[in-house]
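Q: Input: one structure, supplied below.
The values are calculated or read from the model by the stated rules, or taken from the named source; none is laboratory data. No experiment lies behind these values; they were computed from the predicted model shown. Cβ placement follows ideal geometry from the backbone for every residue including glycine, while neighbour counts extend to all protein chains displayed. When the accessible area is computed, the model is the full protein with side chains, heavy atoms only, and any ligands, DNA or RNA have been set aside. Shrake-Rupley method; radii C 1.70, N 1.55, O 1.52, S 1.80 Å.
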Amino acid sequence: MRKEEFECVGVDVSKSTLDVALFRGEVDWKEGHVKVSNNESGYKELKKWLRLKNAGKKRLRICMESTGLYTHDFRSWLEKENIVYYVVDPKLMHHFAPPQSIKGIRQTKNDKADAFRIAIYCSLFHESMTPSKLPSAAYFKLKRLLAERRQYVKQSVLYRQQLSDISLYDSVNSRTRKKNEVASLKKNIRQTDAEMKDIIDTDPAIKRNYELLIGIVGVGIVVAVTAIVLTENFTAFTNPRKYASYIAIAPFPHESGTSVRGATRVSKQGFRQAKADLSISVLSAMSHDPELKEFFLRKKAEGKHAGTILNAIKFKIVLRMFAVVKRGTPYVNTKGYKG
């Protein structure tokens, strides 16, 4: 099937509605767009609209940005209908500029225009994109439990800071209440970890990758589950450098034209919580992995900044994570076997 035979559709997804744009080489503001509800009745309306546009299922290529749970029901419907679709990183769309030859789209910013931009992006790049597929039910349960765990940790840190910083001014009863809260939150964290492990055991694909990940020095339940959630169990991301960029640990050159030449640095954007979790893992990894400790000391002696070195170690851990998943075998520190 040639590229021009595909029907490229962009969908701007919100909690309540879908803005859908059909792109056939030009932006048809009047006839090429429809807005439907983000529910079963809206999907039926969309199906009827696509049929009226003679956009057959086999030719359809639907593209949308990742908006978490808002896309879940729509993606489920697309899979039931056997329609090929792609879920793309919103950052890609944020930096995407449609060709200047496509008139009117660059100057407009609303939901309809966003849907057309996504459709144009799909028309240009769908042949190099991998079709998306919903993860298992276990994945979504893990995602919610991980978010729940983070809330408990955040609250626990707050109470422990209060006990440490302003305890001089607290009453005895106040300190007791805060200590009880900390104990209760720790219990909740332990229970959440246990529930996550139970869910992991129900899904063979997730369990396989999880066990491979925690076999890497420095990778515990939080880093492992976070990687599984952010990569949709290593299907949404298969390239470690792209994942490292997503969580803001991959360095990139700061250049523009011929006049701007800055030092190579990491982005301040990205999923910062995953980066913070890796910061804790690095300390554990260096304590138990002579290779990483040697690397840190060598780079430190060369005059490298400690933060830069630690970031490089985070990237090494990410490389190890993707390597074991790709190979399907546990991590082995071959340096220890060298004579």
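Q: What FRET efficiency comes out for LEU134 versus SER171 if R0 is 45 angstrom and r is the Cβ-Cβ distance? Round to the nearest 0.05.
A: Efficiency, from the Cβ-Cβ distance: 0.30.
Q: Residues of segment 17-32 with amide nitrogen under 16 Å from the 7 Å Cα-to-Cβ point of TRP49?
A: Inside the label zone: 17-24, 27-32.
Q: From the phi angles alone, apply the Karplus equation (6.51, -1.76, 1.60; θ = phi - 60°) to segment 274-288 and give each ³J(HN,Hα) in whole Hz, x where the residue is Gly or Pro.
A: 5, 5, 5, 4, 5, 4, 5, 4, 4, 4, 5, 4, 5, 6, 10
Q: Using each residue's phi in segment 180-193, evaluate 6.51 cos²θ - 1.76 cosθ + 1.60 at θ = phi - 60° and report the 3J(HN,Hα) Karplus result to the nearest Hz, with x for Gly and Pro.
A: 5, 5, 4, 4, 5, 5, 4, 5, 4, 5, 4, 5, 5, 4
Q: Can you give me the angle between helix 204-213 and the longest principal axis of the chain, using Cα atoms only, in degrees from 0 to 90, rounded to the nearest 10?
A: Helix 204-213 sits at roughly 40 degrees to that axis.
Q: Have a look at the DSSP beta bridges in the chain and tell me what percent are antiparallel, nearest 5.
A: In the chain, approximately 60 percent of DSSP beta bridges are antiparallel ones.
Q: Inverting the mean 1/r over all pairs of different Cα atoms, compute the Kirkwood radius of segment 20-151 and quote it in Å.
A: 16.1
Q: Bins of 5 Å, beginning at zero and ending with the bin holding the largest distance: percent of Cα pairs per bin for segment 117-201, please.
A: 3, 13, 15, 12, 10, 9, 9, 8, 7, 5, 5, 3, 2, 0
Q: I'd like the accessible area for LYS80: 1.4 Å probe, protein heavy atoms, all chains in place, Å² to the nearest 10.
A: 140
Q: Return the long-range amide H neighbours of SER132 (sequence gap of 5 or more, or a different chain), with a cut-off of under 5 Å between placed amide H atoms.
A: Those qualifying (amide H under 5 Å, at least 5 residues apart or on another chain) are TYR85, TYR86, VAL87.
Q: Go through segment 82-88 residue by residue and turn each phi into a ³J(HN,Hα) via Karplus (6.51, -1.76, 1.60, θ = phi - 60°); whole Hz please, and just put x for glycine and proline.
A: Couplings: 6, 9, 6, 9, 10, 10, 10 Hz.
Q: What angle, in degrees between 0 and 90 and rounded to the nearest 10, separates the Cα long axis of helix 111-125 from the longest principal axis of the Cα atoms of the chain?
A: 90
Q: Could you work out the longest stretch of the chain that avoids the GluC sites (Glu not before Pro) located in DSSP loops with at most 16 other Cβ atoms within 10 Å?
A: That would be 82-301.
Q: Using Cα pairs closer than 8 Å and at least 6 residues apart in sequence, work out the relative contact order for the chain, in percent.
A: Normalised by residue count, the contact order of the chain is 13 percent.
Q: Give me the distance in nm between label points sitting 7 Å out from Cα along the Cα-to-Cβ direction at ARG241 and LYS304, one decimal.
A: The two pseudo-label positions are separated by 1.7 nm.
Q: May I ask you to give the solvent-accessible area per residue for the chain, in square angstrom, as obtained with a 1.4 angstrom probe?
A: 57
Q: Shifting gears a bit: I'd like the chymotrypsin sites (Phe, Trp or Tyr not before Pro) in segment 133-189 restricted to DSSP loop residues with at most 13 other Cβ atoms within 10 Å, sorted by number.
A: Here no chymotrypsin sites (Phe, Trp or Tyr not before Pro) fit, given the DSSP loop and packing criteria.
Q: Let me ask you something else. Around LEU278, under 13 Å between beta carbons, what's the net of Lys plus Arg minus Asp minus Glu among the other residues?
A: Local charge sum for LEU278: +4.
Q: Then there's this: Once you've got the GNM for the chain with C-alpha springs shorter than 10 Å, pick whichever of GLN273, GLN100, GLN151 has the biggest mean-square fluctuation.
A: Taking springs between Cα atoms under 10 Å, the residue moving most is GLN100.
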